[in-house]
Structures are given as structure tokens and as C-alpha cells.
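Undergrad: Quick one: structure below, then a few questions.
Every read-out reported here was derived from the displayed coordinates using simple, explicitly stated rules and does not represent laboratory data. Here the structure is a predicted model, which is why all the values come from computation and not from measurement. When we count neighbours, we look across all protein chains shown, and the Cβ atoms used for this are built from the backbone with ideal geometry, even at glycine.
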Amino acid sequence: MTRCTAVAARLAPPGSRRVGRAAWVTSGKRRRAARVARYVDVVVIGAGQAGLSAAYFLGRAGLDHVVLDAEEGPGGAWRHRWPTLRMATVHGIHDLPGMPFDPPDPAARANEALPAYFADFERRNGIAVRRPVRVRAVRDDGGLLAVETDRGVLRARALVNATGTWTRPFWPRYPGQELFRGRQLHSSQYRGPEEFAGGHVVVVGGGTSAVQQLLEIAGTATTTWVTRREPVFRDEPFTPEVGRAAVALVEDRVRAGLPPRSVVDVTGLSLTPAVRAALADGTLDRRPVFDRITEDGVVWADGAAVRADAILWATGFRAALDHLAPLRLRGPGGGIRLDGTRVVADPRVHLVGYGPSASTVGATRAGRAAARELRDLLTRERAA
């Protein structure tokens, strides 16, 4: 018996079962699964870029871990990108660790090319993701963390949370919103421009998805673009240096325990040839956000109005962290205070794909940092 296994056996609660990083023990009777406890060093929740990066470095650190993912297959949020998003217009892809991304044909669908890359990474690195597994709650359990899922309960010494934001689209509220007789949808529900053909669409939001979707829709319908803040366009290339500088600005907020801004908010919008053309022909003429919504459109405080057949809310996402609520990690500032990826209030918990690492440029660095810190933490515990 190795020292790691011996220590794990001492720490494991009576009646629990040890789980290696490539194993998932299921109950013989599914109705009893929630009462069956298993034990592992680290549970990783989420198998997007941040979760896979963390799993890769945990494996290199020699830590037993299990990766849980709610999706049916590899790819994380990329599985759900709209079908007309092509690789030519994808905003900034960063390699997974140890496996450079070989860009496919620019005309390839992003929701196919990137999941294929993720799947290949899992295969090459022997990362046996358990899916679909949905985590319902994480609770403190006598010094361990009880990860409650729809497949049972895992007990872990530490947790890497990599659940991202895709499952929590943000819908702002405006007066009269419930009166609108047209269609309202979030950018996460957008499937392509054809469904808006011949109509008028108000696109709300100043991020990359808002611009990309508006430019597509403008080929089949008329559009009005509104944002809360004046959009900032970036003329220089999106280099790793630019990405790191943006990540550092977001990191300042989470160190202070404030809700993070998105990295895209900090970097601004890329002046691609298509964006330049749309600025020149007026497609991207921006208006401030309206004051209220009526039955057939939107109205500004000065009385100006626009009729609309649809309102597309490209208003971003919030971190999917509800399952961590029992741990009471949020501080008075409304966010979760981090030191790097480590939660200050509970050093057993690391957040990757949150705040400064909620982008492809930050995900790999975050996975490496979380694995390194957890290796050191668990080594100290074993030596105590």
C-alpha cells in the first residue's frame, strides 16, 4: 500500500469506498445511489477548457481525481454555440495544455471543431470524464467535501470547480418587458439569422456575441444595436500579452471579493474586416439602451421609439455556482474572494473558469495553478 493510499484510507469515513481518478463506482440499485458515499482526493466539476486543464495537471501531480461533467459529450459550452458560428470568427482560442490546437478550415462550424479537439485531448491524456453527471450541492462533511450528484455522493479532500457560465444566461429587466408581443430570446438560444428574415431585431449587448450575431442577422433583417456603455473597439491583434493584461484587471476584482467582470468587457471588441465594414455602412451604429419596452417595440426617455419583431438579449452570463451555496463562500462584496484560484474562505476549494480564468487564455494557467496548490495542500495534510 502506498503512502497516498494509506493516508486516504485513514481519512476516508467508515463505510466509504475509495475511487481512483479513472473509476466511478455505482450502486447496484439506482434508488440507493444518493446514500452511497465514495472517496477521492479531488473532484473536478466541469470538463470545459478550465476543467480539462485542471485534470491534466492534477494527473501530472499524482493526485487521485474524478472529473464530473453535466454534458452528454466533450466540448463544454462550445457544444452549444450557434450553428452558423464559424472558426473564422471565433474570438481567441488558446491551446489546451501539451496539445496545440491545429486550426481547422475557417469555414468549419465551431460547435463541431472545438468539441472534437476537446474529445481528442481527453483521449490522448486518458482523462475519463464521467458524464452526464449533474452536481446538486457541495457541503462540508466532517472536514471532507460531500459532492452530491444525481449519480450518488462523492467525498473529497478538495474541489476544483470549473462549471463556467453557460448554464446561467443573464436576462436584464426593463419596464414593460412582459407586454412585448414579439419574440424575446437570449444569445444562448440564437440558432441563426434565417428565423428573423424580413423583420426588425433589437440587439441588446456590447460583447463579442452581440456583434457576431447582429452582423449575421443584418444579412436577412434590419437591426438596431443598443448597449449600456459606449463600445470600445480594439485595433491591435488579440495577442497572449493583451489577454494576460485583461486577465490581470479582472483578477483585481476577485481578489477584493467583488463579482468579476468578463474578460471581454476589459479587452474590447476586435476590429475585424467585417466589423470595419459594418461600422462604415452604419450597421453597427450604436444607441444607448432604451428606457422601456412596449407591445411592439422599445422607447427611449426622449420619446424616440423603434418597432421590433424580436429582441435579442446578448447580455452575457453569470457564474454557475449555485451548487456551492451550502459552503457559504460569498463575501460581503457579493463575490467570492480568491487568491489566484484558491477560495480565501475555504482553501480546499479552487475556482477555475471564474473571473480571471473565464476565458481560453486564462483557463490553462488556472488549471496549472489549482493543481499545484492542491498538491501542496494535500501533501502538508498527509505529513501532519
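Undergrad: At a threshold of 8 angstrom on Cα-Cα distance, excluding pairs fewer than six apart, so keeping six or more, what relative contact order does region 335-381 reach in percent?
TA: Here the relative contact order equals 28 percent.
Undergrad: OK, next. If packing is taken as the average count of other Cβ atoms within 10 Å, what order do 79-86, 51-58 fall into, highest mean first?
TA: Sorting 79-86, 51-58 by mean packing, highest first, produces 51-58, 79-86.
Undergrad: With a cut-off of 8 Å between alpha carbons and a minimum separation of six or more residues, what is the relative contact order of region 154-227 in percent?
TA: 28
Undergrad: A further question follows. Suppose every K and R has +1 on its Cβ and every D and E has -1 on its Cβ; what is the size of the dipole of region 289-346 about the Cα centre, in Debye to the nearest 20?
TA: 440
Undergrad: Ranked highest first by the average count of other Cβ atoms within 10 Å around their residues, in what order do 164-172, 128-136 fall?
TA: Output ranking for 164-172, 128-136: 128-136, 164-172.
Undergrad: Can I ask one more? Considering only the other residues whose Cβ falls under 13 Å of the Cβ of P100, what net charge follows from Lys and Arg at +1 and Asp and Glu at -1?
TA: Overall, the nearby charge balance is -2.
Undergrad: Note down the net charge around I217, summing +1 for each Lys or Arg and -1 for each Asp or Glu among other residues with Cβ under 13 Å from its Cβ.
TA: Neighbourhood net charge equals -2.
Undergrad: I've got another one for you. Would you calculate a helix-derived [θ] at 222 nm for the chain, using -39,500 (n - 2.57) for each DSSP H run of n ≥ 4 and dividing by the full residue count, to the nearest 500?
TA: The helix-only estimate for the chain comes to -8000 deg cm²/dmol at 222 nm.
Undergrad: Ok, one more. Can you give me the angle between helix 208-217 and the longest principal axis of the chain, using Cα atoms only, in degrees from 0 to 90, rounded to the nearest 10?
TA: That helix lies at roughly 50 degrees to the long axis.
Undergrad: Pairing the Cα long axis of helix 110-124 with the longest principal axis of the chain, what angle in degrees results, from 0 to 90 and rounded to the nearest 10?
TA: Computed tilt is about 10 degrees.
Undergrad: Tally Lys and Arg at +1 and Asp and Glu at -1 over the other residues with C-beta under 15 Å from the C-beta of E178: what net charge comes out?
TA: Local charge sum for E178: +2.
Undergrad: Nearest 10 degrees is fine. How inclined is helix 49-60 to the longest principal axis of the chain, computing both from alpha carbons?
TA: It is inclined by approximately 20 degrees.
Undergrad: Considering Cα pairs under 8 angstrom that are at least six residues apart, work out the relative contact order of the chain and quote it in whole percent.
TA: 22
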